[in-house]
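The values are calculated or read from the model by the stated rules, or taken from the named source; none is laboratory data. Everything numeric in this text was worked out from a predicted model, so none of it was measured. Using ideal geometry, Cβ is built from the backbone for each residue, glycine included, and neighbour counts are taken over all protein chains shown.
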Amino acid sequence: MHATRVNPSQTSRGAIIIKLHLDVEPSENHLNISKDDISLFQKLVLGWAGQHGRSFPWRRARESHYRVVVTELLLQRTKAETVRNYYGVFFSQFPNWKALAQAPKTEIGNALKPLGLWQRKAPVLKQLANEMVARNGRFPQRREQIDSLSGVGQYIGNAIELLCQHRSKPLLDASMARVLERYFGPRMLVDIRHDSYLQALSHHVVDHDQAREINWAILDLGALVCRNRSPSCGECKLRMTCKTGQATTV
Ligand code: SF4
């Protein structure tokens with residue numbers, strides 16, 4: 001199964017329809033999502049986050065690129081609340097790329113132990129720090145060069161573009177995928193990274209002058225309301241237009 005292209009076209013109402021063409025049976029995988037529906041979702045999720053969104057130190061405007069990118073690596077498979085508890089301690093010990101690059105791997109590992117996955121994350125962080133010191137702390141501009149950095153997969157690459165280079169990129173992880181699928185409809189492939197529907201949808205959803213805030217709003221909604229096991233559809237501000245919410249609250 002291979003995704004081939006995303007093809008925008010105009011409807012009689014003037015709305016842009018995003019057509020996702022896949023090399024599979026059209027009845028199963030040919031989807032239409034209007035630009036109006038995307039805009040409404042953006043408005044609703046931003047409105048909800050304005051009242052209920054979470055506050056984290058790495059979301060502060062003055063945080064350095066070093067801190068926000070290292071934090072995104074720390075957040076992988078670790079709860080945000082856990083990372084928040086160790087945020088100050090970790091960055092006091094390793095305040096910049098140079099400090100991280102010069103620290104022994106065991107020291108980084110010990111600092112990461114409360115966060116989990118320290119055996120995997122410590123060498124990745126140290127290698128990335130070495131590369132960033134050699135680059136004088138500047139991330140490359142071109143995506144293929146960003147992707148060639150140690151520890152940078154699709155998610156971290158998007159995070160670097162979104163948080164350091166102010167490009168509208170999605171922080172598409174399992175939580176964002178869950179919210180988008182419940183609201184707009186399910187993906188086709190198991191692997192988020194290769195599902196052209198989720199990839200296209202997430203990019204369109206964050207294509208906004210508040211791209212960072214929309215990303216955070218979706219992640220917060222996924223953590224607080226549209227939870228994995230027990231979504232609170234009855235209390236959700238998006239339920240009137242959410243496919244899952246409509247089905248479960250009638
Ligand atoms: S209505 Fe339910 S499924 Fe839809 S976004 Fe809200 S919590 Fe998630």
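Residues in the stretch 118-150 that are free of Cβ contacts under 8 Å to residues at least 40 places away in the same chain and hydrophobic (A, V, I, L, M, F, W, C) were compared, and the one that is nearest to V83 (Cα to Cα) is W118. If only residues of the stretch 209-235 that are more than 16 Å from L171 (Cα to Cα) and touching a helix residue (DSSP H, G or I) at 6+ places or on another chain (Cβ under 6 Å) are counted, the one that is surrounded by the fewest Cβ atoms within 10 Å (Cβ to Cβ) is G234. Please verify whether T71 is of a type in the set (S, T, Y), surrounded by fewer than 19 Cβ atoms within 10 Å (Cβ to Cβ), under 20 Å from the mean Cα position of the chain (by Cα) and not assigned by TED's automatic domain parsing to the domain that holds L198, treating the condition exactly as stated. No. Pairs meeting the criteria (first residue in the stretch 228-247 and within 16 Å of P186 (Cα to Cα) and among the basic types (K, R), second residue more than 6 Å from the ligand (Cβ to nearest atom) and not in a helix (DSSP H, G or I), beta carbons under 8 Å, at least 6 apart or on different chains) are K243/G185.
The residue list S168, S196 contains one member that is in contact (Cβ under 8 Å) with a residue 24 or more places away in the chain, among the small types (G, A, S) and more than 23 Å from W216 (Cβ to Cβ), which is S196. Taking the condition touching a helix residue (DSSP H, G or I) at 6+ places or on another chain (Cβ under 8 Å) and without any contact (Cβ under 8 Å) to a residue 12 or more places away in the chain, does R187 pass? Yes: the conditions hold for R187. Considering I156, I146, I160, the condition of being of a type outside the set (S, T, Y), in contact with a Gly (Cβ under 7 Å, 6 or more places away or on another chain) and surrounded by 15 or more Cβ atoms within 10 Å (Cβ to Cβ) is satisfied by I146 alone.
Answer yes or no as to whether R239 is in contact with a Cys (Cβ under 7 Å, 6 or more places away or on another chain) and either assigned to a loop (DSSP other than H, G, I, E, B) or within 12 Å of the ligand (Cβ to nearest atom) (or both). Considered against the rule, which asks whether it is in contact with a Cys (Cβ under 7 Å, 6 or more places away or on another chain) and either assigned to a loop (DSSP other than H, G, I, E, B) or within 12 Å of the ligand (Cβ to nearest atom) (or both), R239 comes out as yes.
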